[in-house]
Amino acid sequence: MIEELYHSYQKELTAWCRGMTQNASLADDLVQEAFLRALINSQLLEHLRENQRRAWLYRTVKNLYLDRVRHSAYETAQENVPEQTEIRNVYAEIDWAQLLEQLPGEEGVLFTMRYLQGYNSRELGQMFELPEGTVRSKLLSARKHLRELLR
């Protein structure tokens with residue numbers, strides 16, 4: 001099953017991750033790590049539908065990237081003290097990442113891909129095997145959840 005997931009989604013995940021990280025090498029590493037985690041969690045994945053497995057892979061890659069951002073922020077802070085604006089930017093990025101992690105289900109992945117990566121509802125619907133209207137509904141729900149979290 002993991003081999004099938006790899007053949008089905010490796011290129012797609014890598015392209016998405018390269019857009020998110022702006023670093024081809026890092027993207028390749030993150031996608032490989034996600035598939036390693038899929039191998040470790042194969043029993044869990046066996047009980048999921050195909051679109052849920054795909055969403056699980058996207059969320060795993062995103063979370064691995066966020067972990068790298070957090071760790072690199074800490075390592076950088078130890079190496080040298082950045083200017084105040086740099087600190088604010090890193091914390092703002094982490095704050096948004098943590099907010100997006102709190103969104104239920106696929107909302108965080110859909111929100112990120114729509115508003116940060118530039119995919120449209122039709123493309124997202126095709127990727128996640130959802131009708132466009134459902135994608136738009138989930139995006140509306142994600143925006144509502146974010147408003148509540150920001151209050």
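The values are calculated or read from the model by the stated rules, or taken from the named source; none is laboratory data. The structure presented is a predicted model; accordingly, all values stated were derived computationally and were not measured. Every residue, glycine among them, receives a Cβ derived from its backbone with ideal geometry; neighbour counts consider all protein chains shown.
What do you reckon, is residue 143 over 17 Å from residue 16 (Cα atoms), outside the structural domain of residue 17 (by TED's automatic domain parsing) and modelled with pLDDT of 85 or more? Working first, answer last.
Details: over 17 Å from residue 16 (Cα atoms): yes; outside the structural domain of residue 17 (by TED's automatic domain parsing): yes; modelled with pLDDT of 85 or more: yes.
Considered against the rule, which asks whether it is over 17 Å from residue 16 (Cα atoms), outside the structural domain of residue 17 (by TED's automatic domain parsing) and modelled with pLDDT of 85 or more, residue 143 comes out as yes.
If you scan region 123-144, which residues turn out to be crowded, with 16+ Cβ neighbours inside 10 Å, under 17 Å from the mean Cα position of the chain (by Cα) and not aromatic (Phe, Trp, Tyr)?
Those that are crowded, with 16+ Cβ neighbours inside 10 Å, under 17 Å from the mean Cα position of the chain (by Cα) and not aromatic (Phe, Trp, Tyr): 124, 125, 127, 135, 138, 139, 142.
Would a scan of region 34-44 turn up a residue that is under 12 Å from the mean Cα position of the chain (by Cα), at pLDDT 80 or above and either part of a helix (DSSP H, G or I) or surrounded by 14 or more Cβ atoms within 10 Å (Cβ to Cβ) (or both)? Reasoning before the result, please.
Initial filter on region 34-44 (under 12 Å from the mean Cα position of the chain (by Cα)): 34.
Then keep just the ones that are at pLDDT 80 or above; that gives 34.
Add one more test, that the residue is either part of a helix (DSSP H, G or I) or surrounded by 14 or more Cβ atoms within 10 Å (Cβ to Cβ) (or both), and what stays is 34.
For region 34-44, residues under 12 Å from the mean Cα position of the chain (by Cα), at pLDDT 80 or above and either part of a helix (DSSP H, G or I) or surrounded by 14 or more Cβ atoms within 10 Å (Cβ to Cβ) (or both): present.
From the set of residues in region 1-14 that are at pLDDT 90 or above and surrounded by 14 or more Cβ atoms within 10 Å (Cβ to Cβ), which is nearest to the chain's Cα centre (by Cα)?
Ranking the qualifying residues of region 1-14, first place goes to 13.
What is the residue count in region 109-122 for residues that are assigned to a helix (DSSP H, G or I), surrounded by fewer than 16 Cβ atoms within 10 Å (Cβ to Cβ) and at pLDDT below 85?
Residues of region 109-122 assigned to a helix (DSSP H, G or I): 109-116, 121-122.
Filter once more, keeping what is surrounded by fewer than 16 Cβ atoms within 10 Å (Cβ to Cβ): 115-116, 122.
Narrowing further to those that are at pLDDT below 85: 115-116.
Selection size over region 109-122: 2.
Is it true that some residue in region 92-103 is among the charged types (D, E, K, R) and at pLDDT 75 or above? I'd like the intermediate steps shown before the answer.
Narrowing region 92-103 to residues among the charged types (D, E, K, R): 93, 95, 101.
Those still in the list that are at pLDDT 75 or above too: 101.
Yes, there is a match, as at least one residue in region 92-103 is among the charged types (D, E, K, R) and at pLDDT 75 or above.
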